[in-house]
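The values are calculated or read from the model by the stated rules, or taken from the named source; none is laboratory data. Predicted model only: the values in this text are computed from it and were never measured. Here the Cβ positions follow ideal geometry from the backbone for every residue, glycine too, while neighbour counts run over all protein chains shown.
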Amino acid sequence: MIYELLTLFLHWKNLDVKKIMANKKFYIETYGCQMNVADSEVVASVLKDNGYLKTQDINQADLILVNTCSIRENAEQRVWGRLDKFRQIKKGKPELKVGVIGCMAERLKEKLVEKEKTRPCVIGPDAYRALPSLLERVESGQKGINTILSKEETYGDIIPIRAAENNISAFISIMRGCNNMCSYCIVPYVRGRERSRDPQTILNETQLLAKECFKEITLLGQNVNSYNWEHKENKTNFSKLLDEAASKNPSLRFRFATSHPKDLSDEIIKTMAKHPNICKHIHLPVQSGSSKILKKMNRKYSREWYIDRIDAIKKHLPDAEITTDIMTGFCSETEEDHQETLSLMEYVQYDYAYMFKYSERPGTKAARVMDDDVPEETKKRRLNEIIDLQTKISEKNKLKTIGKSFDVLIEGTSKKSEDEHFGRNSQNQVVVFPKDDEKTGDIVKVKIDKTTPATLIGKKVQF
Ligand code: SAM
Ligand code: SF4
């Protein structure tokens, strides 16, 4: 009887009974950027359609997947550490399958299978559809490896299975790959050529999420500002896509990442200003404040160009939060170049920055033709100076919010207190305030009365 009922339910849900009854469970760990989080959601969808159920408990899994990042050497070191752990689990469970997917799989290919004793399935970012057939190959004792990069794959027809449990915020990948070839960066080699997804599939996904009562969507790409879809009469650039998405979904807030300074047009900035439901936050990685270093990095903009883009943001979006990525100790960086980075930080007054030491990546132009000649100690010292300055600027900026009120989307309960909500304002700042009768997913006006280095603390404004 239970079997019949279950069969009926699964049939009603359009799921294959035999596959589900096979009852295999997968566990997935994701490292790296938001694009990887979105990719893991696509992978979850591919696996679900092939009868796998997701588990949060690694010990219950028949398949462990690790979605990897290659951007810096330490990102790969972490994954090797996790693979050691999976090997331990496999010792007591020989039928367990392990899969390494994403950027590190793409970079190391066959070498990963040879080096790693769990004999993992190795799948690059454009081959996720092949995952079920590769798992079958592994089952029959063959190698499961596919690292072919595609010029077309966007997974536009796959509805991801969202990883976040609160059903409030979702990612939508609008494009894949990158054509920019920054000389230090591994991304173009491991994620392939830039390609944009059909705008109709993106808009359909936003409307589906709105129906499911999601509240916020982040449009993702390595360089979203260069989004460009051309098909017969239909031409859509990023600004047009953003405009349409925001107009058609007034119940949703929109964010996007990452912007490239060379492609951040006035048109995009004005589109942001036009729509109250486009969040007022721009992440604009600068990398260096020195035009000489920017040229060596092949960033395709100068210090002056970057400052012009910052001025345009401040003019049209005076309340916007501006954040950035800064890399220190790139090949041939002098003390003078470093001082230029510090002075640019003073000029922009970033609200937040992700700050890194340059890490040479095999195969990139910098690794091939430039000397990684800034000593490790100097890189560390410069990074610390950058972090110290940014900490001061962030704190100062946070203090300026005291007395102001913001619309805050409640994302859940504060980690520090069961009695407080935590959420984000349009500027992407984390706000904590006492619970009353609101619930997760509500947007509430909150007046800020104090700040910590990471958080704004306030109270709901009563009308
Ligand atoms: N596409 C984005 C852009 O153009 O800025 C970001 C891509 S990357 C995933 C994120 C950041 O990692 C970069 O902005 C850069 O600061 C940093 N990064 C990339 N390659 C690096 C390297 N070889 N060493 C250290 N940091 C690196
Ligand atoms: Fe890497 Fe540059 Fe592309 Fe960003 S824009 S992913 S830093 S190559």
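Observations on the structure shown:
- Residue in region 266-289 that is surrounded by the fewest Cβ atoms within 10 Å (Cβ to Cβ), counting only those that are of a type in the set (G, A, S) and more than 16 Å from ligand 2 (Cβ to nearest atom): A273
- Selection from region 182-199 of residues that are of a type outside the set (F, W, Y), touching a residue at least 12 places away in the same chain (Cβ under 8 Å) and within 9 Å of ligand 2 (Cβ to nearest atom): C182, S183, C185, I186, V187, R191, E194
- Qualifying residue in region 165-176 (condition: among the charged types (D, E, K, R) and within 16 Å of ligand 1 (Cβ to nearest atom)): yes
- Meets criteria (modelled with pLDDT of 95 or more and either surrounded by fewer than 19 Cβ atoms within 10 Å (Cβ to Cβ) or near ligand 1 (Cβ under 10 Å from one of its atoms) (or both)) for R361: yes
- Residue within region 41-52 that is aromatic (F, W, Y), surrounded by 20 or more Cβ atoms within 10 Å (Cβ to Cβ) and farther than 18 Å from C185 by Cβ present: yes
- Region 405-427, subset in a loop (DSSP other than H, G, I, E, B) and in contact with a Leu (Cβ under 9 Å, 6 or more places away or on another chain), residue surrounded by the most Cβ atoms within 10 Å (Cβ to Cβ): N425
- Extreme residue, nearest to ligand 2 (Cβ to nearest atom), among residues of region 249-265 that are under 22 Å from T206 (Cα atoms) and basic (K, R): R255
- Considered as a group, the residues in region 364-388 that are of a type outside the set (G, A, S) and surrounded by 18 or more Cβ atoms within 10 Å (Cβ to Cβ) include one that is nearest to ligand 1 (Cβ to nearest atom), and that residue is T364.
- Within the option set L409, L399, L383, being hydrophobic (A, V, I, L, M, F, W, C), more than 23 Å from E165 (Cα to Cα) and in contact with a Lys or Arg (Cβ under 8 Å, 6 or more places away or on another chain) holds for one residue only, L383.
- Residue within region 304-321 that is away from ligand 1 (no atom under 16 Å from the Cβ), assigned to a helix (DSSP H, G or I), modelled with pLDDT of 95 or more and more than 22 Å from N397 (Cβ to Cβ) present: yes
- One residue from F254, F238 being within 20 Å of the chain's Cα centre (by Cα) and over 29 Å from L456 (Cα atoms): F238
- Residue among G156, G141, G102 that alone is at positive phi and within 19 Å of the chain's Cα centre (by Cα): G102
- The set of residues in region 137-171 that are acidic (D, E) and crowded, with 18+ Cβ neighbours inside 10 Å contains only E153.
- Test: residue in region 127-138 that is under 30 Å from I217 (Cα atoms), touching a strand residue (DSSP E or B) at 6+ places or on another chain (Cβ under 8 Å), assigned to a helix (DSSP H, G or I) and not aromatic (F, W, Y): yes
- Some residue of region 387-408 being more than 27 Å from the chain's Cα centre (by Cα), of a type in the set (A, V, I, L, M) and modelled with pLDDT of 95 or more: yes
- Here the helices (runs of 4 or more DSSP H) wholly within region 166-277 that include at least 2 residues being over 21 Å from Y155 (Cβ atoms) and modelled with pLDDT of 95 or more are 238-248, 266-274.
- In region 73-102, the residues that are under 25 Å from P362 (Cα atoms) reach residues that are of a type in the set (F, W, Y) with C-beta atoms within less than 9 angstrom, at least six apart or across chains, in these pairs: A75/Y31; R78/Y31; V79/Y31; R82/Y31; G99/F26; I101/Y128; G102/Y31.
- Residue check, L389 under 23 Å from S343 (Cβ atoms), part of a helix (DSSP H, G or I), in contact with a Phe, Trp or Tyr (Cβ under 8 Å, 6 or more places away or on another chain) and not charged (D, E, K, R): no
- Residue match in region 329-343 (condition: within 24 Å of the chain's Cα centre (by Cα) and surrounded by fewer than 20 Cβ atoms within 10 Å (Cβ to Cβ)): no
- Among residues of region 135-155 that are in contact (Cβ under 8 Å) with a residue 60 or more places away in the chain, those with a beta-carbon under 8 Å from a residue that is among the polar types (S, T, N, Q) at least six positions away or on a different chain give the pairs Y155/S173.
- Selection count, region 448-463, where residues are assigned to a strand (DSSP E or B) and either without any contact (Cβ under 8 Å) to a residue 12 or more places away in the chain or buried (at least 17 other Cβ atoms within 10 Å of the Cβ) (or both): 6
- Count - residues of region 328-356 that are touching a residue at least 60 places away in the same chain (Cβ under 8 Å) and out of contact with any Asp or Glu (no Cβ under 9 Å at 6 or more places or on another chain): 1
- Among the residues making up region 278-303, those that are under 30 Å from L409 (Cβ atoms) and in a loop (DSSP other than H, G, I, E, B) are C279, K280, L284, P285, V286.
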